[in-house]
1. For the residue pair residue 102 and residue 157, what label-to-label distance in nm results when each label sits 7 Å from Cα along the Cα-to-beta-carbon direction?
2. To the nearest 20 debye, what charge dipole does the range 63-157 have about its Cα centre, counting +1 at the Cβ of each Lys and Arg and -1 at the Cβ of each Asp and Glu?
3. Order these by the 10 Å Cβ neighbour count, fewest first: 55, 62.
4. Once you list every other residue whose beta carbon is under 14 Å from the beta carbon of residue 35, what net charge do they have if Lys and Arg are +1 and Asp and Glu are -1?
5. Determine which aspartates and glutamates satisfy two conditions relative to residue 123: a Cα distance under 17 Å, and not lying fewer than 8 residues away in the same chain.
6. What is the gain in length, in nm to one decimal, between residue 57 and residue 24 on full extension, counting 0.36 nm per residue of separation less the C-alpha to C-alpha distance?
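What follows draws every value from the coordinates through simple rules; no lab data is involved. What you see is a predicted model; the values in this text were computed from it and never measured. Because the Cβ atoms are built from the backbone with ideal geometry, glycine has one as well, and the counts that use them run over all protein chains shown.
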Amino acid sequence: MFDKIAFRYDFLNRFLSAGIDVGWRKKAIKQFASIQPKRILDVATGTADVAILAHKILQPTHITGIDISEGMLDIGRKKIEKLGLKDKIELVRGDSENLQFADNSFDAISVAFGVRNFQNLEKGLTEMLRVLKPGGKLVVLEFSRPKQFLFKAVYNLYMKTIAPGF
């Protein structure tokens with residue numbers, strides 16, 4: 001599904017959140033400032049928005065972004081190349097529930113709007129904990145499900161009817 005919507009994913013994020021998603025991402029990344037991470041893993045990186053912003057804000061030595069969608073990664077790679085960040089940000093195809101990294105590999109791990117797509121949330125979180133160094137930080141940015149009736153109805157209509165069509 002994500003390969004099919006990759007070309008319009010960034011637009012949809014900005015449009016559907018009225019641009020608020022950029023501020024949310026910045027706020028999430030700033031949660032890492034206190035530990036000054038050198039190596040960051042961005043899980044479910046999509047088109048690499050968080051990875052690029054993390055580089056801009058934190059200036060780590062290296063960022064690895066993983067995603068299951070090669071279509072999303074291709075767009076992210078083009079953005080990274082255009083910004084001249086190929087030596088700082090690497091995007092690889094990978095599954096959040098079976099991370100191909102050694103234990104204690106990363107100082108920080110981010111996941112923005114991705115955990116809702118995990119097949120097995122507990123397994124994905126366990127894998128992230130495994131590759132996170134002791135004293136490292138994991139930041140998860142995700143939508144919650146509305147509880148108020150009107151917002152819940154609009155949210156469900158969007159997620160079940162409109163979003164799949166994009």
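1. Distance between the two pseudo-spin positions: 5.4 nm.
2. Numbers: 15 positive and 13 negative charges, 87 e Å.
In debye, rounded to 20, the range 63-157 gives about 420.
3. On the way: 55 20, 62 15.
Fewest-to-most ranking of 55, 62: 62, 55.
4. Details: positive: 30, 38, 39, 133, 137; negative: 107.
Neighbour charge sum, excluding residue 35 itself: +4.
5. Within the straight-line limit of under 17 Å, residue 123 reaches these aspartates and glutamates: 42, 67, 95, 97, 103.
6. Details: separation 33, 0.36 × 33 = 11.88 nm, distance 1.36 nm.
The residue 57-residue 24 span can extend by a further 10.5 nm.
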